[in-house]
């Protein structure tokens, strides 16, 4: 199964890597625009085939930049750097499940519909760090905040405004229109 998954990731990545990239970040930036960054959204989606939602960056607030990403079978992550909150201030992970023990359930925002949100602060000011979890059918997205001392909680608000989700169903349709296939979460994988 792992070879098939990685082969599908590689094939999708190679096909989509020819897309132009005129957005707010390097070609590997997981923005919510599949026309310019569909390859990285595909990699994230294929890392956890059961996930019905894929984390992505809607826009970059002032002072925030893309830091990097890592993909493997069953897990993907990317992180954002901030000129005020520090390097790797927010790490976003996608997994099949996550441990929300000790987290408090919080009402979701309108753009988070279909998820269950919970939060677990680890350290409060003067140094903020904590975890926010979004669970949904087939997956869990975690925002891990790790701000440098003296950072304000408002940076957490900025980061969460920048982050959102891309529907796998929408991705499946868009790739199908481009002659490609994204499998997982209700769509059988070839082979």
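The values are calculated or read from the model by the stated rules, or taken from the named source; none is laboratory data. Because the structure is a prediction, the values reported are computed rather than measured. Backbone-built Cβ (ideal geometry, glycine too); neighbour counts: all protein chains shown.
Can you give me the number of residues within segment 87-113 that are without any contact (Cβ under 8 Å) to a residue 40 or more places away in the chain, assigned to a strand (DSSP E or B) and farther than 22 Å from residue 62 by Cα?
3
Examine segment 75-86 for a residue that is part of a loop (DSSP other than H, G, I, E, B) and surrounded by 15 or more Cβ atoms within 10 Å (Cβ to Cβ), and state whether such a residue exists.
Yes, some residue in segment 75-86 is part of a loop (DSSP other than H, G, I, E, B) and surrounded by 15 or more Cβ atoms within 10 Å (Cβ to Cβ).
Count, please, the residues in segment 149-174 that happen to be in a strand (DSSP E or B) and crowded, with 16+ Cβ neighbours inside 10 Å.
Just the residues of segment 149-174 that are in a strand (DSSP E or B), to begin with: 163-167.
Subsequent filtering for residues that are crowded, with 16+ Cβ neighbours inside 10 Å retains 163-166.
Residues flagged as in a strand (DSSP E or B) and crowded, with 16+ Cβ neighbours inside 10 Å within segment 149-174 amount to 4.
Table: residues versus (1) more than 11 Å from the chain's Cα centre (by Cα); (2) within 19 Å of residue 173 (Cα to Cα); (3) modelled with pLDDT of 95 or more.
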site: 6; (1), (2), (3): yes, no, no
site: 11; (1), (2), (3): yes, yes, no
site: 20; (1), (2), (3): yes, no, no
site: 24; (1), (2), (3): yes, no, no
site: 29; (1), (2), (3): no, no, no
site: 78; (1), (2), (3): no, no, yes
site: 95; (1), (2), (3): no, no, yes
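Contact list please: Cβ distance under 9 Å, first residue in segment 50-75 and at positive phi, second residue part of a loop (DSSP other than H, G, I, E, B), pairs at least six apart or on different chains.
63/83; 63/84; 63/85; 68/28; 74/48; 74/96
Which count do you get for residues in segment 114-148 that are in a loop (DSSP other than H, G, I, E, B) and farther than 21 Å from residue 66 by Cα?
Total meeting the criteria: 8.
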